[in-house]
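Heads up, the thing below is written out as C-alpha cells.
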Amino acid sequence: PQREVILPPGLQRRVDVFLGEYLSRKPRSMSRSSSNGSIATDEGLFEQSEALPQSKAAMKKILWEKSMKMQTEQQTWQESPEGRKMLEFRSSLPAYKEKDAILSSISQNQVVIISGETGCGKTTQIPQFILESDIESVRGDMCSIICTQPRRISVMAVSERVAAERGEVLGETVGYKVRLEGVKGRDTHLLFCTTGILLRRLLVDRNLKGITHVIVDEIHERGMNEDFLLIVLKDLLPRRPELRLILMSATLDAELFSSYFNGAPLVHIPGFTYPVRTHFLENILEMSGYRLTLDNQIDDYGQERVWKMNKQAPRKRKSQIASAVEDTLRAADFQEFSPGTQESLSCWNPDCIGFNLIEYILCHICENERSGAVLVFMTGWDDISSLKDKLQCHPILGNTSRVLLLACHGSMASTEQRLIFDKPEDGVRKIVLATNIAETSITIDDVVFVIDCGKAKETSYDALNNTPRLLPSWISKVSARQRRGRAGRVQPGECYHLYPRCVYDAFADYQLPEILRTPLQSLCLQIKSLKLGSISEFLSRALQSPELLAVQNAIEYLKIIGALDESENLTVLGCYLTMLPMEPKLGKMLILGAILNCLDPILTIVAGLSVRDPFLTPLDKKDLAEAAKAHFSRDFSDHLALVRAYEGWRDAERDLAGYEYCWKNFLSAQSMKAIDSLRREFYSLLNETGLVDSNITIYNSWSYDEHLLRAIICYGLYPGICSVLHNEKSFSLKTMEDGQVLLHSNSVNSRDSRIPYPWLVFNEKIKVNSVFLRDSTAISDSVLLLFGGTISKGEVDGHLKMLGGYLEFFMSPSIAEMYRSLRRELDELIHTK
Ligand code: CDP
Ligand code: MG
C-alpha cells in the first residue's frame, strides 16, 4: 500500500524559503566562535594590567609601589571608626584565630582542605587572609585569587561583603563574575565567581595562566560542577606547581577529599554554637494538647502504618491545629514514607506543604516567644512566594509594623538580598522564607528560630541547569542538622521540624552527590568541549564515579540527538549546546527556533518545560480544569496549549488582569511569571552564543506557523516518540522501548478519541504501574522524517531503518528521494550555521 505523504503547506513553504536563503548566501557567521569550531568565551577573569615595563627592576618597582599604596589605604581604613569596627568583627570570627595556621599550611602545600561550621568566616575571611599576606610580603608578583561559589546569589552577597570589610566598593581589589554580569577592575586581585564561570574559563585557558590561588568553596554540597572542576584541577596541578588549591567545606567529610588529593592536609576551624531545642512534629502537636501516635512499629517499614491524632484534645483548639496537621500529613504522605521507596513520594502535592502549620508556628513565635529572627526552610521559590502571599494577608504576620517578611532564594534581586542581612528595627520580627541556600552558603546572623519542612528540591543551584519539574525530596540527616544549627548562632535557639522523629531517623545520612543521581548529558558535552579526552575515562577519575552504564547511556543519547558524532567528537550543534546551560533537548529547540525564525513561542515552550506545570488541576475541580486546558488546545499539543495560555496571560497582564486570567483558566500565576522571566534569560543566553542579536522581530517572522512549531518540538524531543495506532473506537500508543504506553490524564491528547497524526513526541515518561507520557505533541510523518533523529550526512538511511522501514513501506521512491535530499540540506544548514 502506498501512503501519500505530503509536507504540510506551512512547512513546505518554510523549508523552501529557508533552503533557498541558505543556498543563496553564506551562512551567518557565529559571532563568538573561532574558526576551528571551538567556542571562545569572555575575556580573561582578571583585567590585564597596563603594558608591562621593559626591565625586571622597573616591574618590581611598580608592584612594590602598588602594594605599598594598597597597604596604606588599608591602614587608613582600619584606623577609621567604621574600619575599626569592621576589623573588630572580623577578628571575633573563629576563622581569624586560625589565620596563621591556615596561611602556613597554604604556603607549604599545593592543596589544603579547610573545614568549619557555617558562619565561622571561611568564605569571607580566608581569601582576604591570602590577599593581605600577599600584599604585606611583595614577592615581585601579586596574587590573583579566584574563589568559586555554587550559586550566583552567594557570589554577589559575598563579594559585596568582602569589599565592604575592606572599606572599598566592588571593582577595586575585590570583584565578582557571574553569567551575564560582573564587576572587576584593573586592581582586582580577588574574584568571586560561580563554578560554571571558572569551568568556562578553562575552555580557553587550560592552565589558568596568571592565577595563583583557586579556592573551591562549599565542596561538601557535591554539586556536579564542583565534582567536575575537581577532576580538571587535579589534572592541572602537576602542570602548574606554583598554583595553590584550597577546598572549603562546612560539614566534615574532609577525609574523602584529602585522600582524593593524595593526603592533602586538613585544617579544621573549631566553632561554637549555642544549644538548639528541637521540636519534631509530635512535640509541636503536644504544645497544643495533641498527640501523634503511630500504630505499627516504626522500624517495620514493610508494614502499612497509620498515623493517628489523639481525639481527646480540647475542642476549641482543634479546628486550627487539626486542619494544619491533617494538611501536613496529607501533604507529606507519611504513610508512604520508607527509606527504600523515595519514588513513592513523587505523588507529594507541593501546593499544600503544611502552610497552615507554618503559619500556626509563626504566630506562636510572634505572640509568645522572645525576640530573634525566624528562618523557614522551604522547598523552592514557588512555594516561598505562595506562602509569602498567604502570610501577607494574615492579621498578625501581615502587619508590616511588627513583622518584616522576606524571601531568600537563588534568583532574587540584590536589593532584596541586602535586607536579609540587616537587623530590623526594635519590635519588628524578621521572618525569612528560604530555600536550602540558607543552609550553608548564606548566614543570617540574628536567627533564633528555625522551621524546617524537611524537603528540598535536588539539583537546585541554577534554574537553568535543572531538569524540568524537579520534585522535592526528603533532605539528609546532615542537612537537617545543618538547618537546626542555624538557630544557635547568637544565643540558644529553637528548631521546629515539620515531620516526626521517626521520619528523621529514616533520612539518609548524606545526600548522594549530584553526579551520581542526575543525567550526565550536559556534563559529557562539557568534557568534550574542554577537550578532556574519552568521556568514560575522564569520569572514572571522579571523586565518586558514576556507573559506567549511566555514562554510556548519556553518550548514546548525545549521539542520537546529533550532539556527538560516531567517534564521540562534538558536532557544531554540540558546540552550541555547550554554550546553553540547560538540558540538551531544550537547547536544541532554542537553536532551531532561532534558525527558523520562530523564536517567541519556542522560548515559551522551553521556559514552560523548566518550571512547575502551569496548568493546575485541583482535585475537586478536575473536570473544570481539564475543560479550561482543552480550551487552549486545538491542535493536539500540550506544548502549543501552553503557548496559547501564556500569550493570553501576557495580554491580560498588560491590562493588569493577569491574576484574574489565571484564576479563570486554572493556571498558576507564579509559573506564568517564572516563564516570563526565564524567557528573557534564555534570550540573552542565545544572544551570547551569537545565534540571535537584539533585533528580535526577525527571529519571529515565522512564529505563527504551527507546522514549523511542531517540527521544532520534534527536533528537541526526539527520540521521545511514540506511534499512534488507531482501532475502531480509540487509539493505542506504543514506544520502541516500552511497548504499550498511556497518556497522562492532564494531557490534552488524552481527551480525544482520535488523533489525526501518526506520531506523538513527548517530553517525559513516568513509570507507575504502566508507562505514562506527560506533555506531548502530535506530529506528521514528514515532520518526524525531517526533524527526528540524527540529522547527519551518513545517517539518513540508518535513521529511516530505525523507523521500522517505514519509508520504504509507505512511500513512493520519488518522495523518499525528496526527503533524503531535503534532510541532507537541512543537515548541512544546521551543522554549519
Ligand atoms: O563561609 P562561612 O560559612 O564560614 O562564613 P562567612 O560566609 O565567611 O561569614 C562569616 C560571618 O560574616 C557571618 O557569620 C556573618 O556574620 C558575616 N557576614 C555578613 O555579615 N554579611 C554577609 N553578606 C556575609 C557574612
Ligand atoms: Mg561560606
- Task: State the number of residues belonging to segment 532-569 that are surrounded by 13 or more Cβ atoms within 10 Å (Cβ to Cβ), more than 13 Å from Gln521 (Cα to Cα) and within 25 Å of the chain's Cα centre (by Cα).
- Result: 7
- Item | Single residue of Ser703, Ser723 found to be among the polar types (S, T, N, Q), in contact with a strand residue (DSSP E or B) (Cβ under 6 Å, 6 or more places away or on another chain), buried (at least 16 other Cβ atoms within 10 Å of the Cβ) and outside any helix (DSSP H, G or I) | Ser723
- Query: How many residues are surrounded by fewer than 17 Cβ atoms within 10 Å (Cβ to Cβ) and within 27 Å of the chain's Cα centre (by Cα) if we restrict to segment 237-255?
  - Reply: 2
- Given the residues Gly167, Gly140, which is the only one that is more than 8 Å from ligand 1 (Cβ to nearest atom), out of contact with any Pro (no Cβ under 7 Å at 6 or more places or on another chain) and at pLDDT below 90? Gly140
- Scanning segment 208-232 residue by residue, the ones that are away from ligand 1 (no atom under 16 Å from the Cβ) and of a type in the set (D, E, K, R) total 3
- Query: What do you reckon, is Val174 away from ligand 1 (no atom under 16 Å from the Cβ) and of a type in the set (A, V, I, L, M)?
  - Reply: no
- Inside segment 596-619, the number of residues satisfying the requirement of being buried (at least 22 other Cβ atoms within 10 Å of the Cβ) and part of a helix (DSSP H, G or I) is 9
- Message: List pairs: first residue in segment 567-586 and over 19 Å from Ala711 (Cβ atoms), second residue at pLDDT 85 or above and part of a loop (DSSP other than H, G, I, E, B) anywhere in the structure, Cβ distance under 8 angstrom, at least six positions apart or on different chains.
- Response: Glu568/Ser534; Leu570/Ala563; Thr571/Ala563; Thr571/Asp565; Gly574/Ala563
- Item | Identity of the residue in segment 98-113, more than 17 Å from Cys143 (Cβ to Cβ) and in contact (Cβ under 8 Å) with a residue 40 or more places away in the chain, that ends up nearest to ligand 1 (Cβ to nearest atom) | Glu98
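Residue by residue, here is whether (1) under 30 Å from Ile535 (Cα atoms); (2) under 24 Å from the mean Cα position of the chain (by Cα); (3) among the β-branched types (Val, Ile, Thr) holds:
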| residue | (1), (2), (3) |
| --- | --- |
| Lys477 | no, yes, no |
| Arg481 | no, yes, no |
| Val490 | no, no, yes |
| Glu494 | no, no, no |
| Leu498 | no, no, no |
| Val503 | no, no, yes |
| Ile515 | yes, yes, yes |
| Thr518 | yes, yes, yes |
- Query: Could you list, in sequence order, the residues of segment 373-386 that are buried (at least 21 other Cβ atoms within 10 Å of the Cβ) and either part of a loop (DSSP other than H, G, I, E, B) or modelled with pLDDT under 90 (or both)?
  - Reply: Met378, Thr379, Gly380, Trp381, Asp383, Ile384
- Scan segment 439-453 residue by residue and report those that are within 21 Å of Met156 (Cα to Cα) and not β-branched (Val, Ile, Thr). Glu439, Ser441, Asp445, Asp446
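Sort through Leu103, Leu93, Leu131 and tell me the only one that's within 16 Å of ligand 2 (Cβ to nearest atom), under 38 Å from the mean Cα position of the chain (by Cα) and modelled with pLDDT of 90 or more.
Working: Leu103 fails: within 16 Å of ligand 2 (Cβ to nearest atom); Leu131 fails: within 16 Å of ligand 2 (Cβ to nearest atom).
Result: Leu93 is the single residue among Leu103, Leu93, Leu131 that is within 16 Å of ligand 2 (Cβ to nearest atom), under 38 Å from the mean Cα position of the chain (by Cα) and modelled with pLDDT of 90 or more.
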- Query: Going by the conditions given, is Ala157 of a type in the set (Gly, Ala, Ser), free of Cβ contacts under 8 Å to residues at least 60 places away in the same chain and within 16 Å of ligand 1 (Cβ to nearest atom)?
  - Reply: no
- Item | Those residues of segment 252-308 which are of a type in the set (Gly, Ala, Ser), at pLDDT below 80 and under 30 Å from Arg486 (Cα atoms), in sequence order | Ala254, Ser288, Gly289
- Keeping to segment 577-589, report how many residues are part of a helix (DSSP H, G or I) and more than 18 Å from Phe787 (Cα to Cα). 2
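To keep it simple, each residue is scored yes or no on (1) under 30 Å from Lys97 (Cα atoms); (2) of a type in the set (Val, Ile, Thr); (3) touching a strand residue (DSSP E or B) at 6+ places or on another chain (Cβ under 6 Å).
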residue: Lys177; (1), (2), (3): yes, no, yes
residue: Leu190; (1), (2), (3): yes, no, yes
residue: Ile246; (1), (2), (3): yes, yes, yes
residue: Asp253; (1), (2), (3): yes, no, no
residue: His268; (1), (2), (3): yes, no, yes
- Message: Based on this model, can you work out whether Val214 counts as more than 24 Å from Leu580 (Cα to Cα) and in a strand (DSSP E or B)?
- Response: yes
- Query: If we keep just the residues of segment 238-247 that are within 17 Å of Cys143 (Cβ to Cβ) and in contact (Cβ under 8 Å) with a residue 60 or more places away in the chain, which is nearest to ligand 2 (Cβ to nearest atom)?
  - Reply: Ile246
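The values are calculated or read from the model by the stated rules, or taken from the named source; none is laboratory data. Note that the coordinates shown come from a computational prediction; the quantities given were computed from them, not determined experimentally. In this analysis, Cβ positions are derived from the backbone assuming ideal geometry, glycine residues included, and neighbour counts consider all displayed protein chains.
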